[in-house]
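Quick note: the coordinates plus some simple rules give every number you see, no bench work behind them. Quick caveat, the model's predicted, so the values are computed rather than measured. Methodologically, a virtual Cβ is constructed for each residue, glycine included, from the backbone with ideal geometry; neighbour enumeration extends over all protein chains shown.
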Amino acid sequence: MTIQPVTSIVSILDNDFYKFTMQQGVIRLFPYAKVRYKFINRGKHSFPPGFGDALRKAVNEMPALRLTREEKKFLQVNCPYLDPLYLDFLEGYRYQPDEVHIEQVGDQLEIHIEGLWYRAILWEVPIMSLICELFYELTHAVRISNEEVIQRTRKKIENYRDLGVTVAEFGTRRRYSYAIHRLVLQTLQQYGEGSFIGTSNVHMAMVHQTKPIGTHAHEWFMFHAARYGFKMANSLGLEHWVQVFRGDLGIALSDTYTTDVFFRQFDKMFSKLFDGVRHDSGDPLLFADKVIAHYERMGIDPKTKTIIFSDALNYEKVARIAGHCRNKIGISFGIGTNLTNDAGPEPMNIVIKMTQAQPQNEQWTDVIKLSDEHGKYTGTEKMIMLAKEILEIDL
């Protein structure tokens, strides 16, 4: 049974900003590297008959996407650290659907992505967005009205403004739909003055004339471990980031191999050079205390630095973090699913993660992520145990 999709990606920029910033870094430093990604159905969702065919059709339509002159101009003006050579490359970039393998077995979905890293890096976010939107459409989910979406979003951003915190929208990959995403951004822009500061989605940033926000993701450090070893992954990952962006995009992701390991290598040079760090797993209050203590040990005033919190946030969690951190360190919040998928039906719990990397002229190597939360670990048990032994992480 084949079901025709009604969903598609409308712009090549309908993606998270850090995919483009990392793509520039990969082109510059690792043009021959190959990678593999895998879909992980954390929520054990059951997919209806024909779902795989519908997703395949949507993916097959993506080569039609291309960077427009208007989009290129937006990037030139708003992201001057994206160099002209990279923007010319992006103008000629076309998705290649044969890099994506999709198979439905019963009510379960298997997705594997493989290709040169500089090309395959753009697939993750739009495929996840497509999966979510198609799932709600093909299961005939019933959502709240547009008016209720606006009302909920307005109340949230006004509460955050009253709390005195800044908020960015980070919800592309698990949004309810493109239409809801647009509606949420429109509402945040209209009612969020003084609190709403931008979005991780570059297309939405352009449409709503706000700031695209992001730096790098776990895969940046995961690849560095495959290329240089676990002990060098954080330090060389940061050094290469600085080499490409020369001080711009200065928020470092800290939990690829646990925060404690990260701060062993986040020395005074990195601590001074980077504007701050991003929290994505584990107890946020404990993390904040560790970050503040680290900067104090380095002789750096924590109030000159920023923590971006981005782990499954809602108002209650944000209020607790803000109360704990106020007047101690700069803070801001990246809120995803709670903004873009609060439309009635339960949000999906899905991820797509890099599983293997093949640096130039080398063999395929399993890659892993060791978050501060065991439930967010990804990778083979053998490689996880090896990393823990090498990095001296308590087993």
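For Glu346 and Ala64, the FRET efficiency from 1/(1 + (r/R0)^6), where r spans their Cβ atoms and R0 equals 35 Å, is about 0.65.
Legend: Rg and Dmax of the chain, from Cα coordinates, 20.3, 64 Å. Here each label is just a point 7 Å from Cα along the line to Cβ, and for Ile150 and Arg264 those points are 5.4 nm apart. P(r) for the stretch 142-221, from all Cα pairs and a bin width of 10 Å, is 18, 49, 27, 6, 0 %, short bins first. Evaluated at q = 0.23, 0.27, 0.32 Å⁻¹, a Debye calculation over the C-alpha positions of the stretch 194-233 (equal weights, vacuum) places log10 I(q)/I(0) at -0.68, -0.81, -0.97. Ordering Asn234, Tyr377, Pro347 by Cα displacement along the dipole of the chain toward the positive end leaves Asn234 in first place; charges were set at the Cβ atoms of Lys, Arg (+1) and Asp, Glu (-1).
Placing dummy labels 7 Å off each Cα toward the beta-carbon, the span from Tyr377 to Tyr315 is 3.7 nm. Taking Cβ atoms as reference points and 15 Å as the exclusive limit, the residues near His324 contribute a net charge of +2, counting Lys and Arg as +1 and Asp and Glu as -1.
Ranking Gly106, His224, Gly250 by how far each Cα lies toward the positive end of the dipole of the chain (charges on Cβ) leaves Gly250 at the top. Largest GNM mean-square fluctuation among Pro359, Pro80, Pro212, using the chain with Cα springs under 10 Å: Pro80. The magnitude of the dipole of the stretch 292-395, with charges of +1 and -1 set on the Cβ of Lys/Arg and Asp/Glu and taken from the Cα centre, is near 440 debye.
Extents of the stretch 226-288, largest first, come to 32, 26, 18 Å (Cα atoms, principal axes, whole angstrom). Can you tell me the mean projection area, over all orientations, of the convex hull of the stretch 13-55's alpha carbons? Units nm², please. It is 5.0 nm².
Under a no-solvent Debye model with one identical scatterer per Cα of the stretch 326-395, what's log10 I(q)/I(0) at q = 0.11, 0.16, 0.18, 0.23 Å⁻¹? Evaluating at q = 0.11, 0.16, 0.18, 0.23 Å⁻¹ gives log10 I(q)/I(0) of -0.51, -0.85, -0.91, -1.03.
If the viscosity is 1.567 mPa s and the temperature 4 °C, what translational diffusion coefficient in µm²/s does Stokes-Einstein give for the stretch 273-333 when Rh comes from Kirkwood over Cα pairs? My calculation gives 112 µm²/s for D. Using Cβ point charges alone (K and R +1, D and E -1), the dipole size of the stretch 66-141 about the Cα centre works out to roughly 460 debye. Taking 0.36 nm per residue of separation and subtracting the Cα-Cα distance, full extension of the segment from Val10 to Gln76 would add 21.7 nm. Evaluated with a Cβ-only charge set (Lys, Arg +1; Asp, Glu -1), the chain carries a dipole of roughly 600 debye about its Cα centre, given to the nearest 20.
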